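Here's the structure, in structure tokens; my notes come after.
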Amino acid sequence: MTQTPLSLPRHASTLAAAALSLGLAHTAHAQNIPCNDVSLPNVVFIDGSSAVGPFVAKIAQALLNATPPVSVVYKSEGSCNGVNYLASVAPLFPSGTAQYWTDVSGDAGLTCDIQPTTPVDIGVSDVFATSCGYAGLPANVKDFHGPIQTMTFAVNENSTRQVISAEAAYLTFGLGDDGGTPWSDHTKFFVRDQTSGTQQMIARAIGVPAARWAAPTAGGSAAVRTALQAATAPQNTADLSIGILGLDSYGPGIRALAYQHYDQDCGYTPSSSATATDLVNTRDGHYYIWGPIHMLTKTTGSHPTNLNAKTVIDLLQGTAVSDAVDLITIEAGRGVVPECAMRVSRDTEVGPLMSYMPEQSCECKFLSVADSANLPAECTPCGGDAGTTCPADRPACNYGFCEVQ
């Protein structure tokens, strides 16, 4: 993998002034400002997955440090909408509201009003375009793959349920109240809809089409999260409640069920245990429901046409590196796995697994953030002040740790 240095010093005074003026305008007027009037530099308009929203918020704030800085305006409305805008002839936003970030806005960002004549620069999706009904993309649109998302069946932390099999999930979400599973009340199912990448990926895994789930739609990832957090008591409410969430959309009071895929002998949580955060079972393929974040954009040749979109995509792919933006730390903090920490890959939706070793592994760097208390002994610090020579079986010094390659 070729890496191009990307210098990202901070433009604090310019952005702070812009943020202050925008904040005052936002307070003074009940109506949001138009997104096209956001007075921040080099705006890139992104539409798509709500599951990846919390991760986008972190990346958007980091991109304010870019040279030149890049400002993100993000409309969260489902993965397949993100695909639709780039796969269609006229990739324009619908009307509505979007988020944007300044260096003082925090994760929540600020709100602006979308103009329906605004083009979508990047469509972000949790799933391949084929899962959204497209046999292919236009010749001038390319799907760039970013870090790995894990999709889960989620319950309130007070639930006594620990595991769900693919067969049980098929009956639960395919038949609802008549499924004969421990989840027998479809009014306590908190799911998405057919535009959701989370639902599309899980639907592909269990074999129930995303549009035919026997459950009412709860809304976006935030609505599912809120509903599960509230399903705490009495005990039968916690035990009967179940939802679907991308792991990066979790919040307090929610736990992932272990998942047993077809032909597996037992269920696996995404990490080595229900409380661990190492994501080892995602990274080695034992946990089955995962896939890359997809970034669709118009291209000239094989490169993004929009230079702001290129900056975002290069950073998320790892083809541009930055001393100012610690991407692996951001990813590990949001339950997202950088490709360089994976040991398996796949090229279709929840398709066959292939053994994988990145050109420059970052497994130890990832674990040093995601699960620092249980860092493997072989993850020896190196470089800089560490003064450690890497052993022959882990000769590469990557991101401050000795790695296999």
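Some notes on this structure:
- Value of D in µm² per second that Stokes-Einstein yields for the range 328-403, Kirkwood Rh from Cα pairs, at 37 °C (0.692 mPa s): 246
- Prolate/oblate/rounded call for the range 302-351, Cα gyration tensor, a/c under 1.5 rounded: oblate
- Under a model in which nothing but the beta-carbon of Lys, Arg (+1) and Asp, Glu (-1) is charged, the chain shows a dipole of about 540 debye around its Cα centre.
- Residue (of LEU171, GLN235, PHE190) at the positive-pole extreme of the range 166-252, dipole from beta-carbon charges: PHE190
- Across the chain: Cys residues that no other cysteine approaches within a C-beta distance under 4.7 Å: CYS266
- Each part reduced to its alpha carbon centroid, the range 281-324 and the range 73-109 end up 17 Å apart.
- Along the axis of the charge dipole computed for the chain (Cβ charges of +1 for Lys and Arg, -1 for Asp and Glu, origin at the Cα centre), the listed residues GLY384, ASN140, CYS364 are led at the positive end by ASN140.
- The modelled label-to-label distance between THR388 and THR117, using points 7 Å beyond Cα along the C-beta direction, is 5.9 nm.
- Full extension of the chain between ALA377 and GLU167 gives 71.7 nm of extra length, using 0.36 nm per residue less the Cα-Cα distance.
- Ordering GLN260, THR297, ILE244 by Cα displacement along the dipole of the range 232-308 toward the positive end leaves THR297 in first place; charges were set at the Cβ atoms of Lys, Arg (+1) and Asp, Glu (-1).
- Choice from VAL369, VAL155, VAL72 with maximal GNM fluctuation in the chain (Cα, 10 Å cutoff): VAL369
- In the chain, the DSSP-assigned H stretches of four residues or longer account for a calculated mean residue ellipticity at 222 nm of -7500 deg cm²/dmol, using -39500 (n - 2.57) per stretch and the full residue count as denominator.
- Relative contact order of the chain, taken over Cα pairs closer than 8 Å and 6 or more residues apart, is 18 percent.
- With every protein chain in place, the chain: carbon and sulfur % of accessible area (1.4 Å): 54
- Springs between Cα atoms under 10 Å define the GNM used for the chain, and in it the highest mean-square fluctuation of ALA223, ALA166, ALA135 occurs at ALA135.
- Over the chain, accessible surface divided per residue gives 40 Å², non-protein components excluded, 1.4 Å probe.
- Inter-centroid distance (Cα atoms) of the range 181-230 relative to the range 346-386, Å: 31
- In summary, the helical segments of the chain meeting the span-like criteria, namely a full DSSP H run, a Cα extent along the axis of 18 angstrom or more and a mean Kyte-Doolittle hydropathy of at least 0.0, are 12-28.
- For the residue pairs LYS142/LYS310; LYS75/LYS310; LYS58/LYS188; LYS75/LYS142; LYS142/LYS365; LYS75/LYS298, the alpha carbons lie more than 23 Å apart in LYS58/LYS188; LYS142/LYS365.
The values are calculated or read from the model by the stated rules, or taken from the named source; none is laboratory data. Since this is a predicted model, take the numbers as computed values, not measurements. Neighbour counts run over all protein chains shown; Cβ positions are idealised from the backbone, glycine included. Side chains are part of the model used for accessible areas, which takes the heavy atoms of the whole protein and leaves out ligands, DNA and RNA. Shrake-Rupley method; radii C 1.70, N 1.55, O 1.52, S 1.80 Å.
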